[in-house]
Amino acid sequence: MMPLVKSPKKLLRKFNNEISMKEEVKRFPSTQLEGDRRQNLLDDLVTRERLLLASFKNEGAEPDLIRSSLMSEEAKRGTPNPWLFEEPEETRGLGFDEIRQQQQKIIQEQDAGLDALSSIISRQKQMGQEIGNELDEQNEIIDDLANLVENTDEKLRTETRRVNLVERKSTSCGMIMVILLLLVAIVVVAVWPTNR
């Protein structure tokens, strides 16, 4: 079965129906910039439609000229031709081999810069690892010191409790001694003969 091929005039009518969306585009809210962009695209399509219609009317008269105008840079507007740009100063007047040598020189300079950057980064990595190891050692020392401080604090509390206990015992023992001394003094005074 052969595929159905539409005639160029039917395709042109379909194209014309799609361009009639011009009023539809204006109804949808958008930014001013987007609205202008859409309007420019529609104007380009309308221009192309007119050129196509003109080419159908003048099929015998210079069809190559009309086709080329449809595909020209003015008709495309949004897609610039990279071959139409001006050559930069660095490469102006240079041959293909000279440009390639210049690019290779640039690549070599970039490689040298990347090598230097790589060595700097590896040194910084090594320094970072050494700092990390030193921090680990310092953390271990701090942990050991914290354990020693806790042990010393516990011993100090224990000894403080013992001192308080001895102090209480010595205070009550001292009172007993005072009472005994007073009792002995009373007995001595009572027993002591008086001469009168």
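The values are calculated or read from the model by the stated rules, or taken from the named source; none is laboratory data. Please read all numbers here as calculations on a predicted model, not as lab measurements. Ideal geometry is used to build each Cβ from the backbone, glycine not excepted, and the neighbour counts take in all protein chains shown. These accessible areas exclude ligands, DNA and RNA; they are computed on the full protein's heavy atoms, side chains included. Shrake-Rupley method; radii C 1.70, N 1.55, O 1.52, S 1.80 Å.
Computed quantities for the displayed model
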item: 10 Å binning of all Cα-Cα separations within the stretch 85-196, expressed as whole percents from 0 upward; result: 10, 12, 10, 10, 9, 8, 8, 7, 6, 5, 5, 4, 3, 2, 1
item: Accessible area per residue, Å², the stretch 106-145 with all protein chains present, probe 1.4 Å; result: 89
item: Rounded percent of accessible protein surface that carbon and sulfur make up, the stretch 99-196, 1.4 Å probe; result: 62
item: LEU51, LEU114, ranked by accessible area, largest first (probe 1.4 Å); result: LEU114, LEU51
item: Pair LYS57, GLU134: separation of 7 Å Cα→Cβ label points (nm); result: 8.7
item: For the stretch 84-149, convex hull volume per residue from C-alpha positions, Å³; result: 115
